[in-house]
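Heads up: the structure comes next, in structure tokens.
The values are calculated or read from the model by the stated rules, or taken from the named source; none is laboratory data. Values in this document were obtained by computation on a predicted structure and should not be read as measured data. A quick note on method: Cβ atoms are made from the backbone with ideal geometry, for glycine too, and the neighbour counts reach across all protein chains shown. SASA here: full protein model, heavy atoms, side chains in, ligands and nucleic acids out. Shrake-Rupley method; radii C 1.70, N 1.55, O 1.52, S 1.80 Å.
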Amino acid sequence: MPGHLSDSCFFCKIIEDIGPLAEGHTLIIPKYHSDRMDQVPDEYLQEILPIAKKIAKALGVVDYNVLQNNGKIAHQHVFHVHFHVIPKPNDQEGLIVGWPRVEQPKEVLAKTLENIISKL
């Protein structure tokens with residue numbers, strides 16, 4: 001196995017979700033062993049969204065989510081970078097998301113954006 005993959009990592013060897021949220025729930029796994037997306041070299045990530053788009057089109061779905069989690073409190077359960085394409089055929093199937101908004105003053109948002117841009 002190439003040096004950026006791990007023989008001891010079960011997830012390096014599988015590509016289908018064993019606990020799908022809906023029919024067609026698909027995993028995209030970069031060919032680089034890492035726990036977090038920010039640890040994966042860019043060349044292993046550059047095709048992820050084009051592949052996700054192709055999978056969504058192949059599934060023929062109109063509504064779907066593309067999901068990727070990093071860290072335990074961000075709901076990562078398998079510590080190998082992977083992306084989900086999750087069809088959303090109706091209100092009961094697929095990803096169910098709560099989105100508790102936190103209102104921020106425009107000045108705080110502008111400062112945060114400025115900080116992010118300065119570090120890119």
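Quick rundown of the values:
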item: Qualifying residue in the stretch 104-111 (condition: part of a loop (DSSP other than H, G, I, E, B) and either farther than 23 Å from residue 19 by Cβ or of a type outside the set (D, E, K, R) (or both)); result: yes
item: Test: residue in the stretch 87-96 that is of a type in the set (S, T, N, Q), exposed (fewer than 14 other Cβ atoms within 10 Å of the Cβ) and at pLDDT below 95; result: yes
item: Single residue of the stretch 65-86 satisfying the filter (among the hydrophobic types (A, V, I, L, M, F, W, C) and free of Cβ contacts under 8 Å to residues at least 12 places away in the same chain) that is most open to solvent (accessible area, probe 1.4 Å); result: 73
